[in-house]
Amino acid sequence: MDWWLVIFFIFGALFLLFVIGLPIAFSFLTVNLVGAMLLWNGTAGINQLVLNIFDSVSKFSLLPIPMFILMGEIMFRTGLGVKVFETIGKWFGRLPGRLSIVAVGSGSFFSVLSGSSVASTALLGSLLVPDMQKKGYSHTMSVGPILGSAGLATMIPPTALGILLASLASIPVGHFLIAIVLPGILLATLFLLYIVIRSFLQPSLAPTYDVEKIPLSEKIMDTVKYILPLGIIVFLLLGVIILGFGTPTQSAALGAIGTVILSYFYGGLTWKSIRDSLTGTFKSSVMIFMIIVGSTTFGQILSYTGVTQGLVQLVSNLNYPPLVILILLQISLLILGCFMEPLSIMMMTLPVLMPIAGGMGFDPLWFGVIMLLNMQMATITPPFGMDLFAMKAVVPDDSITMVQIYKSVIPFILLNGILMLILILFPSLSLWLPSFIR
C-alpha cells in the first residue's frame with residue numbers, strides 16, 4: 001500500500017476515535033493494535049508491539065517526569081502561591097495597569113508552582129478578575145493578561161506539557177526544561193512591557209486607584225520570607241545541572257525533596273496535602289506514560305510503513321529554504337491549535353515533524369522550544385483553547401461573554417507570535433543555557 005494511503009487511513013481512524021470520545025491515549029493504542037495486526041504480520045506484530053511498549057517507558061531518562069509532577073503538586077496544594085501573590089502585589093504601588101502587572105508576575109510564579117496553564121487560569125481568574133472589575137479594568141486588561149500569563153506555565157519549568165513534548169520527541173527532559181527558561185522569561189517581559197505601555201497610552205483601560213502604603217521593610221521581609229526561598233528550588237532544578245553537581249534526573253529528585261522541606265517549614269504540609277499530591281502525581285504520571293506508549297508505537301508504525309520517510313522526502317524536495325519550511329510548519333500547527341488541544345496535536349504530529357526537522361538540519365532542542373511555544377498558543381487560541389473555557393468557568397456569571405474573552409486574548413497571541421519569530425531568528429536564546437551541560 002502506498003504511504004499516502006496509509007497516512008489517510010491512520011489519521012482518518014484517529015479523528016473518528018476522537019469524535020466518538022475515546023481518550024487520546026487509548027485512541028492511539030487502538031490504532032497501534034490494528035496497525036500492528038494488519039501491517040506487522042498478525043500475531044508477530046502484536047508481540048513486537050508489546051516489546052516496543054516496554055522499551056518506550058523503561059528508560060532512565062523518563063524518571064524526572066514523576067519528580068517534576070510531584071514538585072508541582074506539593075507546591076500547589078500546600079498554599080505557597082497565596083503568599084507569593086500577596087507579596088508581589090505589595091511592590092507595584094500605583095503603577096499603570098497595577099493589577100494586570102500583578103497578574104503577569106503571579107502567573108510567572110504560579111507557573112513554577114503548578115506547571116499547568118489551566119490550573120493557573122482558574123486560580124488567577126477567580127482571585128483577580130472580580131477585583132479588577134470593581135476597579136474598572138477593561139476585559140482587555142483583566143482577562144487578557146491572566147490568560148497570557150497563565151500560558152507561562154507551559155514555558156517555565158516545571159511544565160507538564162513541556163515534559164510531555166520532550167518525552168514524545170526523544171529530547172532529554174532536563175536539557176529541554178533548561179532550554180525554555182530564557183524564552184519563558186522573555187515572554188513574561190514582553191507581556192509586562194505591553195501592559196505598561198498600553199496602560200500609559202490608554203489609562204481608561206486600567207484606571208489607577210489608591211492603594212495602602214506598605215513600608216519598605218515589610219516588602220523586603222515578605223520577599224525574603226516568601227519569594228527568595230523559591231530560589232532554592234530553582235537552584236536545585238537548574239543550578240545543580242549547570243554547575244555540574246548532578247544530572248537532570250538527580251536535580252529533579254532534589255527539587256522534589258526541596259519542595260517537601262520548604263512546604264513543611266511554611267506549615268502547609270499536612271497528611272491530606274501529601275495524600276492529594278501523591279494521588280495527583282500517580283494519575284498524571286500514568287496518563288503521561290500511557291501517552292508516551294501510544295505515541296512511540298504510533299511513530300514506529302508510521303516509520304515501518306514508509307509514511308515518515310515519504311513525508312520527509314516530500315518536504316526535502318520542496319524548493320524552499322529550510323527557514324521558510326519551518327515557518328510553514330508552525331503556521332500549520334497554529335491552524336490545528338484553533339480546533340484541537342495541544343496533547344492531540346503533539347501526539348499526531350511529533351512522530352512526523354521530528355524526522356522532518358532532522359532532515360532539515362534543525363537542532364531538536366531549538367525546534368522543540370518553538371513547537372512548545374506554538375502549543376502554548378493553542379491553549380489560548382479561539383475558538384477552542386482550553387484556557388479560554390477555564391476562564392469562562394471561574395469568572396462571575398454573565399459578567400463577561402466568550403466573545404469578549406476571545407477579543408481580550410488576541411494581543412497576547414500576537415506577543416507570542418513575536419517571541420516565536422525572535423526564537424526562529426536567534427536560536428541561541430534556546431540553546432545557550434543547555435550548552436553548559438552538554
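Packing here is the average count of other Cβ atoms within 10 Å per residue, and on that basis the peptides 419-425, 144-150, 161-167, highest first, run 144-150, 161-167, 419-425. Once you have the Cα-Cα distance between Lys219 and Ala13, take 0.36 nm times their residue separation minus that, and quote the gain in nm to one decimal. Between Lys219 and Ala13, full extension yields an extra 68.4 nm. Each residue of the range 261-277 is assigned a 3J(HN,Hα), and the resulting list reads 5, 4, 5, 5, 6, 7, x, x, 8, 10, 4, 5, 5, 5, 4, 5, 5 Hz, derived from the Karplus form 6.51 cos²θ - 1.76 cosθ + 1.60 (θ = phi - 60°), x at Gly and Pro. Reported to the nearest whole Å, the Cα centre-to-centre distance from the range 178-230 to the range 374-438 is 19.
With each label modelled as a point 7 angstrom along the Cα→C-beta vector, the Phe245-Thr208 pair spans 4.4 nm. Label separation (Leu414 vs Leu193): 1.5 nm, computed from points 7 Å beyond Cα along the C-beta direction. Semi-axis lengths, largest first, of the ellipsoid equivalent to the range 178-243 are 31, 22, 6 Å, with √(5λ) applied to each eigenvalue of the Cα gyration tensor.
Cross-link check: pairs Lys135/Lys219; Lys135/Lys225; Lys135/Lys392 evaluated at a Cα-Cα cut-off of 26 Å; pairs beyond the cut-off: Lys135/Lys225. Semi-axes of the equivalent ellipsoid of the range 375-438 are 33, 13, 8 Å, computed as sqrt(5λ) over the eigenvalues of the C-alpha gyration tensor in descending order.
Full extension of the chain between Leu318 and Ser58 yields a length gain of 89.8 nm, computed as 0.36 nm times the residue separation minus the alpha carbon distance.
Extension gain, Ile274 to Lys134: 0.36 nm times the residue separation minus the Cα-Cα distance gives 46.7 nm.
Just so you know, all these numbers are worked out from the coordinates, no wet-lab data involved. None of these values were measured; they are calculated from a predicted model. Positions of Cβ are backbone-derived with ideal geometry, glycine not excepted, and every protein chain shown enters the neighbour counts.
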